[in-house]
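As structure tokens, the structure follows; a few thoughts come after it.
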């Protein structure tokens with residue numbers, strides 16, 4: 001699915017035209033000067049390592065359905081990144097988590113829907129039962145030296161490589 005760029009101005013309904021703005025060609029309204037900025041979307045998730053194994057989930061939906069990834073997802077309106085990370089963990093794995101620190105922030109360029117900023121936290125399991133849910137078809141613990149080959153996104157591959165390097 002290609003990224004969404006509007007055809008008409010959301011303010012005055014005039015057809016948008018491509019115009020240079022701050023060094024980038026952007027859809028711009030010739031009538032009211034509205035500019036469509038395709039800004040990154042914030043996402044958050046958690047890296048949980050328990051007994052030398054990291055928790056991953058298998059994606060249920062495209063993009064990259066069937067590939068493994070870190071429990072993570074897009075922020076909802078009114079959520080903090082921390083709330084998003086804990087919610088996504090619960091929704092995708094059935095586990096309650098307690099955040100223990102900020103791991104790293106990544107730019108995501110390979111999701112065909114959006115450009116993302118992925119905020120990853122470290123966490124520990126604080127309750128619940130491991131059960132895939134929401135948009136995950138599986139959830140499992142993997143040894144850091146035995147990760148699946150099919151990791152969904154580049155930012156997740158980079159985070160897992162950094163996690164292995166720290167271990």
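Annotations for the structure displayed:
- The listed residue being surrounded by fewer than 19 Cβ atoms within 10 Å (Cβ to Cβ), in contact with a helix residue (DSSP H, G or I) (Cβ under 9 Å, 6 or more places away or on another chain) and either within 21 Å of residue 163 (Cα to Cα) or touching a residue at least 40 places away in the same chain (Cβ under 8 Å) (or both), out of 123, 140, 107: 107
- Hits in the range 25-57 - residues which are in a strand (DSSP E or B) and surrounded by fewer than 11 Cβ atoms within 10 Å (Cβ to Cβ): 25, 50
- Some residue of the range 67-76 being farther than 20 Å from residue 142 by Cβ, surrounded by fewer than 17 Cβ atoms within 10 Å (Cβ to Cβ), at pLDDT 95 or above and assigned by TED's automatic domain parsing to the domain that holds residue 154: yes
- Meets criteria (surrounded by 12 or more Cβ atoms within 10 Å (Cβ to Cβ), within 15 Å of the chain's Cα centre (by Cα) and touching a residue at least 24 places away in the same chain (Cβ under 8 Å)) for residue 93: no
The values are calculated or read from the model by the stated rules, or taken from the named source; none is laboratory data. Every value quoted in this text rests on a predicted model; they were computed, and no experiment measured them. Backbone-built Cβ (ideal geometry, glycine too); neighbour counts: all protein chains shown.
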